[in-house]
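Asks: This structure is in structure tokens; I'll ask about it shortly.
The values are calculated or read from the model by the stated rules, or taken from the named source; none is laboratory data. Nothing here was measured: the structure is a model prediction, and the numbers come from that model. Every residue, glycine as well, gets a Cβ built from its backbone with ideal geometry; the counts of neighbours run over all protein chains shown. Surface accessibility is based on the protein's heavy atoms, side chains included, excluding ligands, DNA and RNA. Shrake-Rupley method; radii C 1.70, N 1.55, O 1.52, S 1.80 Å.
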Amino acid sequence: MIAYLERFVHENDAESRPDDDVSSICNALDLQGSIDYGSSAAAADVAGRDFGGIYSVKPLAFVRASSADDVAKVLKAAARSPNLTVAARGNGHSINGQAMADRGLVLDMRSLDHEDRFQVARINGSDYADVSGGALWEDVLKRCLDFGLSPRSWTDYLSLTVGGTLSNAGVSGQAFRYGPQTSNVTELEVVTGKGETLVCSEAENPDLFYSVLGGLGQFGIITRARILLQPAPDMVRWIRVVYAEFEDFTRDAEYLVTRPEGESFDYVEGFVFSNNDNPLTGRPTVPLSPDQPFDRRRLPSKSGSVLYCLELALHYRSTDRPSTVDTAVNKLMGRLGFVEGLRFQVDVSYTEFLLRVKRAEEEAKANGIWDSPHPWLNMFVSKSNVYQFDQVVFKNILKDGVGGPMLIYPLLRSKWDSRTSVVLPEGEIFYLVALLRFTPPQPKGSLVEKMVAQNREIVQYCSSNGFDFKLYLPHYRSEEEWKRHFGNQWTRFVQSKANFDPMAILAPGQKIFSRIPQS
């Protein structure tokens, strides 16, 4: 079997390989799943690309593993080879090729998700769901709702795999209260770079557990996760309010995320938008329904080039009296200093609210922009630097928008577990900034290059001015950059790599470590 794999690694004429090589590898590996050959459409079009649409590489093969045992067999085979690498691919939503393996093996984590492996259990008075690492969060939601339960912490977009988000952090508007998704998992099943399948938690194999959470796929592949649940609400009061001044926006956002549970909203996010009529980046993006027009006459006469929107949600039961919901919402809204008359709200089901980006995805696919390149930039910026960031980046560099949402909202450091591999700015309050760029169908290469260059300009500005920031979903090309990113956690990160993936087989697309040849 290794002879087959090694010939594929070093052979350049991929198009000339016979189809029966695929079955030969499958037979040698004795997998329950299957393998698509490197020149096949699945391997080239699926495993060789990602949502970012900026990078494309050619994998050796696309492996549809059916179980953790299959994953372990693939990793053990790679370990016995001189230089083979393996990347775990969830739903391919990475931006810079992080889930790719150039001339390596790509594992399809979605093939691990079998509904019969989903289980809900009550342990020591709390509810949990055991789910596949390859399960999409939207499927986890649907299955949990059958039990009247729901995970506590989400991402905005739920067509992401459990293992994928736990390998980064998993952030949305609930994170101010419950922390990221990495703070809401209590047990993992992980296949390490050595091909060992281990169960880990705070009490069992804790070094592996905390290394893998936010570990960018460097130490192991998550094949199962135990997620903390809570009773699911029925309905959501979804609200957007507009601010002309950044100081007013941040004051209210920070007030809401620091209130005790029960004295704030259940979801707090925010975004920046252009003060114009652009339907993609301007005022039309704010209203929540067509019958709620944005009356720009309400804006102060000295409003600038950009405005700010605070997005809020309050959960409730369908049996709650409307007056009770109104009273709770109005009490909270009464403390906020948004522009009078620029408040928009709708009542939607809990599922409809959580799947709100799914509708945007369907629209983007219909008009062709979903499959276009997405040069996104995601950052954590310290509260101490966020006002200068607004002045230079939002009000100047990005005053005309990015062709998509520009998110910004506060998070609380105390809700994150410092034992994980995630690195954050200092201070209790920091801001997530997400520049979610969309490009038109079949954009000219110069447009994408310009967007990428603008991202670099922003990062360089922050670095040159000594900002306390970290990239989220980071993308660096040199060891020096990665050292700066991890700071005083770099030594621990390197040690974990030596412990759990000593030959640097895993996640080559992250460009952190180079494969150590096996003689």
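Asks: Quick one: is GLU340 touching a helix residue (DSSP H, G or I) at 6+ places or on another chain (Cβ under 9 Å) and either surrounded by 15 or more Cβ atoms within 10 Å (Cβ to Cβ) or not in a loop (DSSP other than H, G, I, E, B) (or both)?
Replies: It is false that GLU340 is touching a helix residue (DSSP H, G or I) at 6+ places or on another chain (Cβ under 9 Å) and either surrounded by 15 or more Cβ atoms within 10 Å (Cβ to Cβ) or not in a loop (DSSP other than H, G, I, E, B) (or both).
Asks: Need the failing condition index for VAL171 against (1) within 18 Å of GLU138 (Cα to Cα); (2) open to solvent by less than 10 Å² (accessible area, probe 1.4 Å), just the number.
Replies: (2)
Asks: Another question about this same structure. Just to be sure before I move on: is ARG484 at pLDDT 95 or above, assigned to a helix (DSSP H, G or I), open to solvent by 70 Å² or more (accessible area, probe 1.4 Å) and closer than 30 Å to ASP277 by Cα in the structure I sent?
Replies: no
Asks: Which condition number does PHE265 fail, the rest of (1) assigned to a loop (DSSP other than H, G, I, E, B); (2) more than 22 Å from GLY403 (Cα to Cα); (3) open to solvent by 50 Å² or more (accessible area, probe 1.4 Å) being met?
Replies: (3)
Asks: Under 7 Å by Cβ, and 6 or more places apart or on different chains, what pairs join a residue from segment 464-484 that is on the phi < 0 side of the Ramachandran plot with one that is open to solvent by 80 Å² or more (accessible area, probe 1.4 Å)?
Replies: Note: pairs meeting the criteria are ASP468/SER384; ASP468/GLU426; TYR476/LYS511; ARG477/LYS511.
Condition check ((1) closer than 24 Å to GLY217 by Cα; (2) more than 22 Å from the chain's Cα centre (by Cα)) across all residues:
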{"position": "VAL433", "(1), (2)": "yes, no"}
{"position": "SER446", "(1), (2)": "no, yes"}
{"position": "ILE458", "(1), (2)": "no, no"}
{"position": "SER464", "(1), (2)": "no, yes"}
{"position": "LEU471", "(1), (2)": "yes, no"}
{"position": "THR491", "(1), (2)": "yes, yes"}
{"position": "PHE500", "(1), (2)": "yes, yes"}
{"position": "LEU506", "(1), (2)": "yes, no"}
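Asks: Also, I was wondering about something else. Would it be correct to say that THR258 is among the polar types (S, T, N, Q), modelled with pLDDT of 95 or more and more than 30 Å from HIS114 (Cβ to Cβ)?
Replies: Spelling it out, THR258 is indeed among the polar types (S, T, N, Q), modelled with pLDDT of 95 or more and more than 30 Å from HIS114 (Cβ to Cβ).
Asks: In segment 251-266, is there at least one residue being on the phi < 0 side of the Ramachandran plot and in contact with an Asp or Glu (Cβ under 8 Å, 6 or more places away or on another chain)?
Replies: Taking segment 251-266 as the starting set, the residues that turn out to be on the phi < 0 side of the Ramachandran plot are 251-261, 263-266.
Those left that are additionally in contact with an Asp or Glu (Cβ under 8 Å, 6 or more places away or on another chain): none.
There is no residue in segment 251-266 that is on the phi < 0 side of the Ramachandran plot and in contact with an Asp or Glu (Cβ under 8 Å, 6 or more places away or on another chain).
Asks: Looking only at segment 119-155, which residues are open to solvent by 30 Å² or more (accessible area, probe 1.4 Å) and either closer than 19 Å to PHE51 by Cβ or in contact with an Asp or Glu (Cβ under 9 Å, 6 or more places away or on another chain) (or both)?
Replies: Hits for segment 119-155 are GLN119, VAL120, ALA121, TYR128, ASP139, ARG143, PHE147.
Asks: Looking only at segment 126-185, which residues are of a type in the set (Gly, Ala, Ser), in contact (Cβ under 8 Å) with a residue 60 or more places away in the chain and farther than 16 Å from ARG89 by Cα?
Replies: SER126, ALA129, GLY148, SER150, ALA169, SER172, GLY173, ALA175, GLY179, SER183
Asks: Across segment 240-262, what is the total count of residues that are in a strand (DSSP E or B) and in contact with a Lys or Arg (Cβ under 7 Å, 6 or more places away or on another chain)?
Replies: Step one: of segment 240-262, the residues in a strand (DSSP E or B) are 240-243.
Retained after the next criterion (residues that are in contact with a Lys or Arg (Cβ under 7 Å, 6 or more places away or on another chain)): 241.
The qualifying residues number 1.
Per-residue answers, yes or no, for (1) buried (at least 16 other Cβ atoms within 10 Å of the Cβ); (2) closer than 21 Å to THR285 by Cβ; (3) of a type in the set (A, V, I, L, M, F, W, C):
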{"position": "LEU314", "(1), (2), (3)": "yes, no, yes"}
{"position": "ARG317", "(1), (2), (3)": "no, no, no"}
{"position": "PHE344", "(1), (2), (3)": "yes, yes, yes"}
{"position": "ASP371", "(1), (2), (3)": "no, no, no"}
{"position": "PHE380", "(1), (2), (3)": "yes, no, yes"}
{"position": "LYS383", "(1), (2), (3)": "yes, no, no"}
{"position": "ASP400", "(1), (2), (3)": "no, yes, no"}
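Asks: Being part of a helix (DSSP H, G or I) and more than 25 Å from THR197 (Cα to Cα), is that true of even one residue in segment 463-476?
Replies: Yes, that holds for at least one residue.
Asks: If I filter segment 393-407 for residues that are among the β-branched types (Val, Ile, Thr) and either without any contact (Cβ under 8 Å) to a residue 12 or more places away in the chain or in a helix (DSSP H, G or I) (or both), do I get at least one hit?
Replies: Filtering segment 393-407 down to residues among the β-branched types (Val, Ile, Thr) leaves 393, 397, 402.
Filter once more, keeping what is either without any contact (Cβ under 8 Å) to a residue 12 or more places away in the chain or in a helix (DSSP H, G or I) (or both): 393, 397.
Yes: segment 393-407 contains one or more residues that are among the β-branched types (Val, Ile, Thr) and either without any contact (Cβ under 8 Å) to a residue 12 or more places away in the chain or in a helix (DSSP H, G or I) (or both).
Asks: Give me a count of the residues in segment 48-107 that are at positive phi and either at pLDDT 95 or above or crowded, with 19+ Cβ neighbours inside 10 Å (or both).
Replies: 3
Asks: Restricting to segment 416-463, name every residue that is free of Cβ contacts under 8 Å to residues at least 40 places away in the same chain, among the hydroxyl-bearing types (Ser, Thr, Tyr) and either in contact with a strand residue (DSSP E or B) (Cβ under 9 Å, 6 or more places away or on another chain) or farther than 22 Å from THR281 by Cβ (or both).
Replies: Result: SER418, SER463.
Asks: Would you pick out the residues in segment 357-369 that are surrounded by fewer than 19 Cβ atoms within 10 Å (Cβ to Cβ) and not small (Gly, Ala, Ser)?
Replies: Answer for segment 357-369, where residues must be surrounded by fewer than 19 Cβ atoms within 10 Å (Cβ to Cβ) and not small (Gly, Ala, Ser): VAL357, LYS358, ARG359, GLU361, GLU362, GLU363, LYS365, ASN367.
Asks: Then there's this: Which condition does TYR472 not pass, out of (1) under 30 Å from ASP266 (Cα atoms); (2) open to solvent by less than 10 Å² (accessible area, probe 1.4 Å), if it passes all the others?
Replies: Only one criterion is unmet by TYR472, namely (2).
Asks: Next question, about the same structure. Is one or more of the residues making up segment 454-467 surrounded by 15 or more Cβ atoms within 10 Å (Cβ to Cβ) and in contact with a Lys or Arg (Cβ under 7 Å, 6 or more places away or on another chain)?
Replies: Scanning segment 454-467 turns up no residue that is surrounded by 15 or more Cβ atoms within 10 Å (Cβ to Cβ) and in contact with a Lys or Arg (Cβ under 7 Å, 6 or more places away or on another chain).
Asks: Right, here's the next one. Exactly one condition in (1) surrounded by fewer than 16 Cβ atoms within 10 Å (Cβ to Cβ); (2) modelled with pLDDT under 95 is false for PHE438; which is it?
Replies: Here PHE438 clears every test but (1).
Asks: Another one. So, of the residues in segment 268-296 that are among the charged types (D, E, K, R) and not in a helix (DSSP H, G or I), which turns out to be most open to solvent (accessible area, probe 1.4 Å)?
Replies: ASP291
Asks: Looking at the structure I just gave you, is GLY164 under 22 Å from PRO502 (Cα atoms), open to solvent by less than 10 Å² (accessible area, probe 1.4 Å) and either assigned to a strand (DSSP E or B) or touching a helix residue (DSSP H, G or I) at 6+ places or on another chain (Cβ under 8 Å) (or both)?
Replies: The answer is no for GLY164.
Asks: Scan segment 186-208 residue by residue and report those that are hydrophobic (A, V, I, L, M, F, W, C) and open to solvent by 10 Å² or more (accessible area, probe 1.4 Å).
Replies: LEU198, VAL199, ALA203
Asks: Can you name the residue in segment 236-262 that is buried (at least 20 other Cβ atoms within 10 Å of the Cβ) and among the basic types (Lys, Arg) and is also farthest from LEU299 (Cα to Cα) among such residues?
Replies: ARG237
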